[in-house]
Amino acid sequence: MEFRAARTCLVFVSAVLLFSGSSCGSSNSGPLTSAELGAKYKFSTTTLPGWQLDPNDSGNFLVLQEGTDNDLFSAMDGGSNTFTNAGCTMSVYEHLVATYPQSATFYAMYMGTDANATTLFNSQVTTYTATDSIPGFDPSVAAGYGALISHTVFVHFGAMFFRLVISGITDATSAYQAAAQFLTVFKTETN
């Protein structure tokens, strides 16, 4: 009788450890490989209806690994050291389009830790005076700034930092509503 109770207890503890271990693997601790990061954040037409990878841009989707020839510097027009110095080791670059002239460019950056992502977010918000609110998101997690037809949004969830630029939407309210759709996907994929 004691043996059966001990075995039942062991099975229960093993199940708890197994399930808590699997949830740890999918937590904000970040992806294990750049391929997993790419798979998490690659958009499809079903992810965000109305948006698609730009068919006229052969580099519309890149998975970038620091320390390789295909790194963040190769995809950015300068300034990548801001992100790599803050802890970025892997990132995803995507260029999407909707109804002309609407487009979105974003970087999903794995920063290693929540603290690194938060620090980078606060730094970018301060540097660019990103004080515009994003519908449905706390300003401590997402903030934007805009000029004419381009609106940039900075976001962080767990160890992930995102930089999203929405172009071709002149109305800030509409641009930030579109950004909120992207952020909802980011958050879902990150958690």
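Is segment 131-149 home to any residue that is in the same structural domain as residue 179 (by TED's automatic domain parsing), in contact with a helix residue (DSSP H, G or I) (Cβ under 6 Å, 6 or more places away or on another chain) and at pLDDT below 95?
Yes: one or more hits.
List every residue pair whose Cβ atoms sit under 6 Å apart, with the two residues 6 or more apart in sequence or on different chains, where the first one lies in segment 62-78 and is assigned by TED's automatic domain parsing to the domain that holds residue 112 and the second, anywhere, is modelled with pLDDT under 75 and outside any loop (DSSP other than H, G, I, E, B).
none
Can you name the condition, by its number, that residue 81 falls short on among (1) within 24 Å of residue 53 (Cβ to Cβ); (2) surrounded by fewer than 18 Cβ atoms within 10 Å (Cβ to Cβ)?
Status for residue 81: all satisfied but (1).
Just to be sure, is residue 92 within 15 Å of the chain's Cα centre (by Cα) and β-branched (Val, Ile, Thr)?
yes
Which of the residues that make up segment 45-100 are modelled with pLDDT of 85 or more, of a type in the set (Gly, Ala, Ser) and assigned to a loop (DSSP other than H, G, I, E, B)?
Listed by number, the residues that qualify are 50, 58, 59, 86, 87, 98.
For every residue, the table says whether it meets (1) under 17 Å from the mean Cα position of the chain (by Cα); (2) farther than 27 Å from residue 58 by Cβ.
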position: 68; (1), (2): no, no
position: 71; (1), (2): yes, no
position: 121; (1), (2): yes, yes
position: 125; (1), (2): yes, yes
position: 137; (1), (2): yes, yes
position: 152; (1), (2): yes, no
position: 162; (1), (2): yes, no
position: 186; (1), (2): yes, no
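The values are calculated or read from the model by the stated rules, or taken from the named source; none is laboratory data. As the structure is a prediction and not an experimental result, all values here were calculated from the model. Glycine gets a Cβ as well: all are built from the backbone with ideal geometry, and neighbour counts include every protein chain shown.
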